[in-house]
Amino acid sequence: QVKVIESGGGLVQAGGSLRLTCVVSEQSIRNYGMGWFRQAPGKGRDFVSAIKYDGKKVYYANAVEGRFTVSRDNDKNTVFLQMNDLNLEDTATYFCAVGRFGHVRSTQSEYAYWGQGTQVTVSS
C-alpha cells in the first residue's frame with residue numbers, strides 16, 4: 001500500500017519560513033508528477049503547487065507564486081515545499097499527493113494517493 005507522509009509543519013511567525021517534506025513509500029515517484037494542496041479551517045482543499053515527474057515543470061497557485069518553491073529528489077522518493085515569507089493566509093493543513101500521470105497540475109482528480117497532512121500555523 002502506497003504511503004505518503006508529510007512533515008515539517010509547525011508554528012511560525014509571519015514573514016518566516018518552513019520547509020515541508022513529503023516521503024512516499026511502496027511506490028517509486030520517479031515517473032509521476034507530485035502536488036501540494038492545502039486546506040484552511042472551514043474551507044475546501046486548494047491547489048498549492050505541482051511538479052512534473054522530472055522536475056522540469058512546476059506550477060504554483062497565484063497566492064504562493066514567488067514565495068513557495070517545490071522541488072523533488074526522485075532517488076529519495078521525496079518532494080519538498082519551501083515556503084518563505086509566510087503570512088496569516090497560509091495557515092492550513094498541507095497535503096502531499098502522488099499524481100496519476102507524469103505531468104499533473106491543479107485538479108485533485110489527477111492525483112491517486114494522498115497523505116494525512118501537516119499543519120502549518122502562521123502567527124502575527
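Let me have the relative contact order for region 62-102, percent, based on Cα pairs under 8 Å that are six or more residues apart.
29 percent.
Starting from the Cα of Asn74, step 7 Å along the direction of its Cβ; do the same at Gln108; then give the gap between the two resulting points in nm.
2.9 nm
Tell me, what is the per residue accessible area of the chain in Å², probe radius 1.4 Å?
That works out to 51 Å² for each residue.
Which value, in Å² rounded to 10, gives the accessible area of Leu88 with a 1.4 Å probe and all protein chains present?
Approximately 90 Å² for this residue.
Quick one: P(r) of region 17-61 from all Cα-Cα pairs, 10 Å bins, percents rounded to integers, in order of increasing distance.
All Cα pairs, binned at 10 Å, distribute as 23, 48, 26, 3 percent.
Cβ under 15 Å from Gly16's Cβ, Gly16 left aside: what net charge do those residues give with Lys, Arg +1 and Asp, Glu -1?
Surrounding charge for Gly16 is -1.
Using a probe of 1.4 angstrom, how much of the accessible area of the chain is carbon and sulfur, in percent?
Carbon and sulfur atoms account for 44 percent of the accessible area of the chain.
How would Tyr94, Tyr32, Tyr59 rank on accessible area, largest to smallest, probe 1.4 Å?
Tyr32, Tyr59, Tyr94
Simple spin-label model, 7 Å along Cα-to-Cβ: Ser17 to Glu65 in nm?
Label-label distance for Ser17 and Glu65, simple model: 2.2 nm.
Please work out the Cα center distance from region 13-72 to region 73-93, rounded to the nearest Å.
Region 13-72 and region 73-93 have Cα centres separated by 6 Å.
How much length, in nm to one decimal, is gained on full extension between Gln39 and Lys57, taken as 0.36 nm per residue of separation minus their Cα-Cα distance?
Separation in residues times 0.36 nm, less the Cα-Cα distance, equals 4.1 nm.
The values are calculated or read from the model by the stated rules, or taken from the named source; none is laboratory data. Here the structure is a predicted model, which is why all the values come from computation and not from measurement. Don't worry about glycine lacking a Cβ; one is built from the backbone with ideal geometry, like all the others, and counts go over all protein chains shown. To get the accessible areas, we keep the full protein, side chains included, count just its heavy atoms, and leave off ligands, DNA and RNA. Shrake-Rupley method; radii C 1.70, N 1.55, O 1.52, S 1.80 Å.
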